[in-house]
Amino acid sequence: MDNKQGSDIWANPLTPWLVLILLSLVWGSSFILIKKSLLAFPPNEVGALRIGISFLAVIPLLLIRFKEQQWRLLPLFLVVGLTGNFIPALLFAYAEVKIDSGIAGVLNSLTPLFTLIIAWLFFSRQFQWKEAIGVIFGFVGAACLILFATGQIDLEHLTYGLLIVIATLCYGVSVNVVNAKLTLVKPIDITILSFFTVGIPAWIYLLTSTDLIVHATQHPESRTSLLSICFLALVGTVISTIIFYRLVQKTDAIFGSLVAYLIPVVALGWAVIDGEVLLITHFIGFGLILFGIYLVKRKKSSQP
């Protein structure tokens, strides 16, 4: 009965779009939460804590579903855990040391473009020139955002902006692996084993190589930062990841990655509320990226 009800829900053509909106609201808030997390913790601790807390959250699920896990696919789960969670969590935290949260949210929109490139290169997707033009527009927009983040050419921002570009490349790898190799695995099990592969190393690092306890107990902003990281881990990572993997399985990698189409709007909204300054160059870069994604999306929109 549950399976039938689940399939009926996904049979509604509005369901994927409603899920996209929900995910964009949650993930669009992630960048301001990362910014608040950095008030008390350095970026290495923010990234590792986000993964470590997520791992703790899935331990009960792992114990309940231990016998159902497909341990033979552990190498694939490791790839998903690294590229879909651990590496991006670290890179975004380091990037937001210098990059405003709004710009970080806009640059995250490169994810569908890298998803497409990875699909071309490694997953036998047919190359289309219209899509390639969209990719070019997207990267020009990203370059505009990174180089003119402060209103003039800023090479320091270039370095930190490239960290986000690499993070979105990782997301593209993860989405394609899930879509091509793990379609028969339940989303909850993808989440469990992907965090299992990276969660233990994250805690070993936190407890042996950082001043986590000092920052968590003595910094005046520790409560705000801890709450921000917990929300990032539990809602923005674990719960949303389960929902996202289900979305990718029920649609495809390109559609799933279109959540990045809406995330910047939410991220920019939080940026304005938090007092970040938005420049005309930001909107030009944003527009070019969204136009690029539109060109990429156009071909897929007519397909089931």
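Numbers below:
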read-out: Neighbour-count ranking [beta-carbon atoms within 10 angstrom, fewest first] of Phe66, Phe195, Phe92, Phe286; value: Phe66, Phe286, Phe92, Phe195
read-out: Axial C-alpha extent at least 18 Å, average Kyte-Doolittle at least -0.5 - helices from the chain (DSSP); value: 14-28, 43-64, 129-147, 155-181, 187-209, 259-273, 280-301
read-out: Residue among Ile200, Ile51, Ile99 with the largest mean-square fluctuation in a Gaussian network model of the chain, springs linking Cα atoms under 10 Å; value: Ile200
read-out: Helix-only mean residue ellipticity at 222 nm for the chain, each DSSP H run of n ≥ 4 adding -39500 (n - 2.57), per residue, nearest 500; value: -24500 deg cm²/dmol
read-out: Max mean-square fluctuation residue, GNM over the chain, Cα-Cα springs under 10 Å, options Gly52, Gly102, Gly269; value: Gly269
read-out: Sequence of His157, His282 once ranked by neighbouring C-beta atoms within 10 Å, starting from the fewest; value: His157, His282
read-out: Count of lysine pairs in the chain with Cα separation under 20 Å (8 or more residues apart, or interchain); value: 13
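Bear in mind these aren't lab numbers, they're just calculated from the coordinates by the rules spelled out. Small disclaimer: the values here were computed from a predicted structure and weren't measured. Neighbour counts are summed over all protein chains in view; Cβ atoms, including those assigned to glycine, are modelled from backbone coordinates with ideal geometry.
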